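Working notes, structure below.
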Amino acid sequence: MRFGKVSKWQELERKYFMNTVERVPVTIVRGKGARVWDEDGREYLDFVGGWAVDSLGHCPPVVAEAVTGQVNTLIQTSNQFYTVPQIRLAELLVSNSCLDKVFFCNSGAEANEGAVKLARRYGQHHLNGAYEVISTMGSFHGRTLGMVAATGQPGFQQPYVPLPTGFINVNYNDIEAIKAVTTEQTCAVMLEPIQGEGGVNLPADNYLKMVREWCDQKGILLILDEIQTGIGRTGTLFAYEQYGIEPDVMTLAKGLGGGVPIGAILAKERASVFVPGEHGSTFGGNPLMCAAAYATLRFIIDNDIPEKVKKVGQYLIDGLEGLKQKYQFITDVRGRGLLVAVEFSSDIAKSVLTDCLDKGLLVNRLKPNALRFIPPLIISNDDVDEAVGILDKALSNIA
Ligand SMILES: Cc1ncc(COP(=O)(O)O)c(C=O)c1O
């Protein structure tokens with residue numbers, strides 16, 4: 001076991017940081033493709049990918065080039081002015097999705113906050129002031145107070161009560177539950193097409209279609225949070241494409257910037273009801289991050305990365321299914337594309353993670369009894385073989 005001692009950097013972190021995250025004892029200093037290196041020069045295969053952010057891997061040349069070029073041209077103006085990178089990115093997003101208009105911000109939580117504000121404005125314009133948003137248990141929509149209220153997980157909510165009002169959390173995959181709480185006050189339903197942080201929970205057959213139909217029937221908006229599922233992660237550019245529906249509003253972040261922070265709200269024309277002054281952001285649409293996102297998205301589209309994700313994702317699922325045959329304590333393997341989870345019959349995720357780390361593989365602990373695999377979208381079948389091989393060894397130590 002090579003992780004015993006706390007390094008100088010890790011000691012300094014303890015001294016200076018608020019205690020918000022239980023860190024894995026690795027100080028990453030460099031990355032390339034699907035690999036990272038720690039302060040002692042040890043190499044790891046990265047199946048965490050910056051929490052589903054590093055879509056093209058670490059330091060992808062197209063992003064590095066775009067950022068370097070932009071950093072020497074124009075980094076930041078205010079949004080009073082037109083800037084070319086954000087307009088090019090908006091055009092690329094709109095022409096490759098079912099949405100018509102874009103607003104750029106800096107993170108996923110901020111994109112969702114903006115989407116809820118948009119839905120409330122829509123409610124004021126079209127639904128007699130309706131303001132309530134229905135979201136689901138087990139969801140994850142971000143860490144702002146509003147998004148904590150939208151996130152249907154008591155563990156995230158209880159430390160911050162009282163929470164902002166106007167959010168109702170109902171069971172996921174239960175259309176009747178949504179119907180039961182829809183009232184004159186409802187302006188939107190907000191869902192992740194596949195719940196990511198909440199467990200990689202897939203929608204039941206027709207669930208999303210039924211939600212879409214209900215929103216249409218009631219004239220309320222469907223907001224899809226594609227912050228984790230979007231930008232090719234599940235095998236199509238956006239997950240909604242696989243479920244035969246279109247959202248009225250969609251939020252993006254994570255993989256969009258290829259590692260550079262950016263968020264976006266996209267909306268259908270009729271839902272795009274903001275007027276000047278009603279919403280804004282100092283850094284949102286900053287030329288530097290938009291240049292990075294444009295390069296990332298262009299690469300993903302031009303190289304049909306979603307199709308590759310479909311294949312390599314299935315290869316990963318097949319490999320994990322093989323382990324499930326071998327180890328009785330694996331109770332479930334689930335996911336789409338490169339958003340995949342493995343669940344165990346007991347709380348062994350931390351010890352498996354530590355053993356994987358020791359053997360050179362980074363994985364994410366989703367729950368005490370589950371691991372998540374969210375690697376860069378550019379991994380190969382060989383990378384999958386290596387990861388599954390390491391996991392196999394780690395699991396054989398448990399069995
Ligand atoms: C589906 C979803 N929405 C929103 C967020 C919040 O994004 P951020 O951490 O960029 O605020 C996350 C982050 O994990 C997410 O997975």
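The values are calculated or read from the model by the stated rules, or taken from the named source; none is laboratory data. Predicted, not measured: the structure shown is a model, and the values here were computed from it. Don't worry about glycine lacking a Cβ; one is built from the backbone with ideal geometry, like all the others, and counts go over all protein chains shown. For the accessible areas, the whole protein counts, side chains as well, though only heavy atoms, and no ligand, DNA or RNA atoms are used. Shrake-Rupley method; radii C 1.70, N 1.55, O 1.52, S 1.80 Å.
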>> I'm a student and want to see the number: the projected area of the Cα convex hull of the chain, averaged over all directions, in nm².
In response: 19.8
>> Suppose each label sits 7 Å from its Cα in the direction of the beta carbon; what would the residue 32-residue 332 distance come out to in nanometres?
In response: 4.0
> Measuring from centroid to centroid over Cα atoms, what is the spacing of region 196-235 and region 141-161 in Å?
Replying inline: 19
>> Show me the ranking of peptides 239-250, 324-335, 102-113 by mean Cβ neighbours inside 10 Å, starting with the highest.
In response: 102-113, 239-250, 324-335
>> Just to confirm a number: summing +1 for Lys and Arg and -1 for Asp and Glu over residues other than residue 22 whose beta-carbon lies under 14 angstrom from that of residue 22, what do you get?
In response: +4
> Ignoring ligands, DNA and RNA, what percent of the accessible area of region 100-158 is carbon or sulfur (1.4 Å)?
Replying inline: 50
> With axes computed from alpha carbons, what is the tilt in degrees of helix 207-218 against the longest principal axis of the chain, rounded to the nearest 10 within 0 to 90?
Replying inline: 10
> Is region 32-147 rounded, prolate or oblate when judged by the Cα gyration tensor, a ≥ b ≥ c being the square roots of its eigenvalues, rounded requiring a/c under 1.5 and prolate requiring a/b larger than b/c?
Replying inline: oblate
>> Please compare each pair in 209/310; 101/367; 32/324 to a cut-off of 29 Å on the Cα-Cα distance and tell me which ones are over it.
In response: 101/367; 32/324
> Going by a ≥ b ≥ c, the root eigenvalues of the Cα gyration tensor, does region 132-286 fall in the rounded group (a/c under 1.5), the prolate group (a/b larger than b/c) or the oblate group?
Replying inline: rounded
> residue 10 to residue 92: extension gain in nm, 0.36 nm per residue of separation minus the Cα-Cα distance?
Replying inline: 25.4 nm
>> With n ≥ 4 as the cut-off for DSSP H runs, can you work out [θ] at 222 nm for the chain, using -39500 (n - 2.57) per run divided by the number of residues, rounded to the nearest 500?
In response: -11500 deg cm²/dmol
> If each of residue 183 and residue 160 carries a label point 7 Å out from its Cα toward its Cβ, how far apart are those two points in nm?
Replying inline: 2.4
> Roughly how big is the chain's charge dipole about its Cα centre, with Cβ charges of +1 (Lys, Arg) and -1 (Asp, Glu), in debye to the nearest 20?
Replying inline: 600
>> On C-alpha positions alone, give me the angle between the axis of helix 287-302 and the longest principal axis of the chain, in degrees, nearest 10.
In response: 70
